[in-house]
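Since every read-out is calculated from the coordinates, none of them should be taken as a lab result. Remember, it's a predicted structure, so these values are computed and weren't measured experimentally. Here the Cβ is made from the backbone with ideal geometry for all residues, glycine too, and neighbour counts use every protein chain on show.
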Amino acid sequence: MRCLRPFFIVLCVVLLTPLAQPLLAQKNKPEPLTETQVDQIAEAGIDPNQRVILYTKFLNERADTIKSLTNRSKSPARAKRIDDELQNLTALMDEFGSNLDVYSDRHADIRKGLKPLPDETQKWLGILRALIGEPSFDEARKEAIESGEDLADQAKRLLSEQTEYFNLHKDEQHQDRAEPK
């Protein structure tokens, strides 16, 4: 029986490790918004234009933080901070994209908030592309660029769709959502 004890321990570790990994992944998942930013989004409530403007503002802040970190001398702490900021930027862009999908499905008139977004996404992508990749954050940089490109495409497409839709449905302009008729 003593001979089997190490075998059972190894077997338990092998079988339980895959179950623990999702829990570890949840713990390391970046939180893209600070508590204050979450409160600001909540205060914007159901005003989709205000929420779009806030997300754009928060993404500008993240991009500016990344840009400011590029001027610092290389160090493991700097690389870790850039990696964290890139992951947060990516998570925030993905969350913003999900919100845009919801507003699009509702036919909320968000053209006012969307108009500056194509230019802003190009600014963010410029910062990300100018960032010289280092092994410690290159993967996060590539993911951020991909997410930024997706958001840029989505913003252009959505602005075009919204312009077309509200030209046809003038009575629904400036509404937070299209009401069933």
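How do 158, 86 line up, fewest other C-beta atoms within 10 Å first?
In increasing order of surrounding Cβ atoms, one gets 158, 86.
Which shape class applies to the stretch 53-95: rounded if a/c is under 1.5, otherwise prolate when a/b exceeds b/c and oblate if not, where a ≥ b ≥ c are the square roots of the Cα gyration tensor eigenvalues?
Oblate is the answer for the stretch 53-95, as a/c is 1.5 or above yet b/c matches or exceeds a/b.
With charges only on Cβ, +1 for K and R and -1 for D and E, what is the dipole size of the stretch 31-172 about its Cα centre, in debye, rounded to 20?
My answer is approximately 700 debye.
List the aspartates and glutamates whose alpha-carbon lies under 15 Å from that of residue 112, not counting same-chain residues fewer than 8 positions away?
Straight-line reach from residue 112, under 15 Å: 47, 120, 161, 164, 172, 176.
Once a ≥ b ≥ c are taken as the square roots of the eigenvalues of the Cα gyration tensor of the stretch 31-172, is the result rounded (a/c under 1.5), prolate (a/b larger than b/c) or oblate (a/b not larger than b/c)?
In terms of gyration-tensor shape, prolate.
Based on Cβ point charges of +1 for Lys and Arg and -1 for Asp and Glu, what charge dipole magnitude is obtained for the stretch 53-95 about its Cα centre, in debye rounded to the nearest 20?
Roughly 340 debye for the stretch 53-95.
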